[in-house]
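Quick one: this structure, given as structure tokens, is what I'll be asking you about.
The values are calculated or read from the model by the stated rules, or taken from the named source; none is laboratory data. Model, not experiment: these values are computed from the prediction. Cβ placement follows ideal geometry from the backbone for every residue including glycine, while neighbour counts extend to all protein chains displayed. All accessible areas refer to the heavy atoms of the entire protein, side chains included, with ligands and DNA or RNA removed. Shrake-Rupley method; radii C 1.70, N 1.55, O 1.52, S 1.80 Å.
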Amino acid sequence: MKSTNRFLAVAAALAVAFFAQNSWASQVVLSLDGAVAGGHVDMTVDEIEALGVEKIETTTPWHDGKVVFEGVPLQRLLEKVGATGTELDIVALNDYRTRVPVEDAAKFGVILASRKEGQPMPVSDKGPLFVIYPFDKYPELRNEVYYSRSAWQVRSITVE
Ligand SMILES: Nc1nc2c(c(=O)[nH]1)N[C@H]1C(S)=C(S)[C@@H](COP(=O)(O)O)O[C@H]1N2
Ligand SMILES: [Mo]
């Protein structure tokens, strides 16, 4: 009986984890508009990660020690949605707003991180999407200009 209960508890926990993960992955987390194909694109985390992800291992002003972030290269994301502009107006869930020059994407290999240390990032940990620059690779990025472009909890990107 004891082992049956234990089995049921484990099965229930797995089911909860599965559905939590699944609904998360199938939820629209990012909207792109402005100068993109069709004028508006909604994407889930799964759709974003399916474009192919890359890793950036770096220190940041917001974390202790080096952190491995993983996400679609911003340049690839912009290509896939047919973006033609030169500036991004990025808005976060907390209404934080910042402007990012499109050229940063190729110049520094900026990613739109959807994972930290291999795991999806909850909103409480600056997720689900976080603009990450390779601060360690390019020391010239370690200043307020680029910190302010590093929006977390990204919800929408308008291409201008
Ligand atoms: N979503 C979101 N991203 C954000 C911010 C914010 O308030 N919300 N602040 C930005 C600015 S202006 C800078 S300098 C840093 C601020 O980080 P800090 O609040 O840890 O100093 O994150 C950037 N990313
Ligand atoms: Mo800032």
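Residues of segment 88-108 being under 20 Å from Glu47 (Cα atoms) and open to solvent by 20 Å² or more (accessible area, probe 1.4 Å), which ones?
Selection gives Val91, Leu93.
Is there any pair linking a residue in segment 139-160 that is within 6 Å of ligand 1 (Cβ to nearest atom) to one that is polar (S, T, N, Q) and open to solvent by 40 Å² or more (accessible area, probe 1.4 Å), with Cβ under 9 Å and at least six apart or on different chains, and which?
From segment 139-160, the pairs are Trp152/Asn94; Gln153/Asn94.
Only one residue in Val53, Val29, Val81 is in contact (Cβ under 8 Å) with a residue 24 or more places away in the chain and open to solvent by 40 Å² or more (accessible area, probe 1.4 Å), so which one is that?
On the way: Val29 fails: open to solvent by 40 Å² or more (accessible area, probe 1.4 Å); Val81 fails: open to solvent by 40 Å² or more (accessible area, probe 1.4 Å).
That would be Val53, the only listed residue that is in contact (Cβ under 8 Å) with a residue 24 or more places away in the chain and open to solvent by 40 Å² or more (accessible area, probe 1.4 Å).
Regarding segment 49-61, can at least one residue be identified that is of a type outside the set (D, E, K, R), modelled with pLDDT under 95 and farther than 21 Å from Val123 by Cα?
So far as segment 49-61 goes, no, none of its residues is of a type outside the set (D, E, K, R), modelled with pLDDT under 95 and farther than 21 Å from Val123 by Cα.
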